[in-house]
Amino acid sequence: MRNPVPVQKQLNSVLVKPAGPDCNMGCAYCFYLEKDRLFKRKQHRMNPTVLRTMTEQVLDEGAGRVSFGWQGGEPTLMGLDFFRKAFAFQQQYAGPGQIIDNTFQTNGLLIDKEWAVFLRDANILTGLSLDGPDHIHNHYRTLKNGKGTWEQVVRARDTLLEADTDVNALIVVNDYSVRFAEDIYNFHKNGGLTYMQFIPCVETDAADPDRAAPFSVSAEAYGRFLCTLFDLWQSDFLDDKPTTFIRFFDAVFFSYVDMLPPECTLLPECGLYVVVEHNGDVFSCDFFVDQEHFLGNVMEQNLADMLNGATQYQFGRAKADLPEPCPDCPWLIHCRGGCPKDRTRDPRDKGQNHFCRSFQIFFEHADQRLKEMAEKWKREQIKQNTLLQIQQSGIQMNRNDPCPCGSGQKFKNCCGQ
């Protein structure tokens, strides 16, 4: 059997680590701090030449709409002048009509009014890492000396909201926080962060590489966490529409209406974006910044070529090589095997996704309701399309005429309601 011919991918998204793995916190569960061993220097900062070259390549080779995601480590360590320069380069190299999106992930320690206003005025979607109430957040999100950071991060939240910055909550779900789904959800909702992204944590134990680290969340516990969260989310619907937004639920819903989810973990393949480190080194994925997944350097090679090279192609295809019993699972169409990194962090999983059981528990709980929501959404789309076609055609519909959507009902009982 012949290998499939790779489809040329368009460069439309890059994840940039301008300060590399450097951070002013020492979170116990952080997987990126250890990446400093890949680089010779102790301090990691992207210089203007690398910034310019990367930006020019992205906008020259990119699609009509491109996205820069700024993460770390901690990107605010670069200072505001770096980002002013970054956005000036974006304006300089943008093509006619090209749309540029920027997202920004921060721990909040350096966020002040000047940062908040800058992020707002630059129209940057900001993700703030805040795990919940103080006893939950401070359990693992501390300074390097072990001191908690909750009060500083809550001040950053309030500063961002007061400046009317577009901000989401980023919440890591670990062995401790998994017990407090309701507390975390209500804390963020009542604090003004109604957009939430929950990230389940599993990493290999540095002291015993044959198991997951103690802070990792178990599959069973995370499955129950998702079910509780789903019920809380549903209970806050108003007129059948959500008033809070959970990224995982929103993304999963796409698969229920036959659309590709806007989250890479729920897609059939990986490899649709690349990671650019502070020195211009390029890697396959945020979770695979290592020598095996090194693609090249922007100062020597082209980003679009690296995105479409053999290493990235093989990385993307590897996700579809699913372990048993995934191919026969009724939920595969919705989870697509999850993130490949979750197959490798706990050797006791033996190649199975660590959160496979989580997905099973969640979909068994939420499937019927998601199907009902999907059917209603589809009917609404048909109605809107039908009314638009009627409006554009100029046809005058009688209330007792057959509805043109093909339902077999009268117009007054269908799209004409």
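Data overview
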read-out	value
Label-to-label distance, nm, for residues given as ILE199 and LEU272 (7 Å Cα→Cβ offset)	1.9
Label-point gap, in nm, between LYS147 and PHE237 - each point 7 angstrom along Cα→Cβ	4.7
3J(HN,Hα) from dihedral phi, segment 28-42, Karplus parametrisation 6.51/-1.76/1.60, rounded to Hz, x for glycine, proline	4, 9, 5, 8, 9, 4, 6, 5, 4, 5, 7, 10, 6, 7, 6
Relative counts (whole %) of C-alpha pair distances in segment 248-390, using bins that are 5 Å wide	2, 9, 15, 17, 15, 13, 11, 8, 6, 3, 1, 0
Accessible area in square angstrom per residue, the chain, 1.4 angstrom probe	50
Per-residue HN-Hα couplings for segment 199-204 [Karplus 6.51, -1.76, 1.60; θ = phi - 60°; Hz; x = Gly/Pro]	10, x, 9, 8, 9, 6
Solvent-accessible area, 1.4 Å probe, carbon plus sulfur percent, for segment 242-398	53
Listed residue pairs exceeding 20 Å between alpha carbons, taken from LYS35/LYS147; LYS371/LYS410; LYS9/LYS319	LYS35/LYS147; LYS371/LYS410
Ratio of Rg to Rh over segment 206-257 (Cα coordinates, Kirkwood Rh, two decimals)	1.17
Where a label projected 7 Å from the Cα of ARG41 along Cα→Cβ would reach, residues of segment 56-78 with amide N under 15 Å	77-78
Hits among lysines - C-alpha to C-alpha of LYS85 under 16 Å, sequence gap 8 or more where chains match	LYS17
Cα centroid of segment 141-216 to Cα centroid of segment 315-348, whole Å	26
Alpha carbon Rg of segment 1-123, scaled by the compact-globule rule 2.2 N^0.38 Å	1.20
Using a Förster distance of 25 Å, the FRET efficiency for MET259-PHE288 (Cβ separation, nearest 0.05)	0.40
Cα-based convex hull volume of segment 177-272 per residue, rounded to whole Å³	140
Estimated [θ] at 222 nm from DSSP helical runs (n ≥ 4, -39500 (n - 2.57)) normalised by residues in the chain, nearest 500	-11500 deg cm²/dmol
Sulfur and carbon atoms: percent of accessible area, segment 1-148 [1.4 Å]	48
Solvent-accessible surface (1.4 angstrom probe) belonging to TRP115, in square angstrom, nearest 10	20
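The values are calculated or read from the model by the stated rules, or taken from the named source; none is laboratory data. None of the values given here were measured: they were computed from a predicted structure. Positions of Cβ are generated from backbone atoms using ideal geometry, with glycine treated the same way; all protein chains shown enter the neighbour counts. Calculation scope for accessible area: heavy atoms of the full protein, side chains included, ligands and nucleic acids excluded. Shrake-Rupley method; radii C 1.70, N 1.55, O 1.52, S 1.80 Å.
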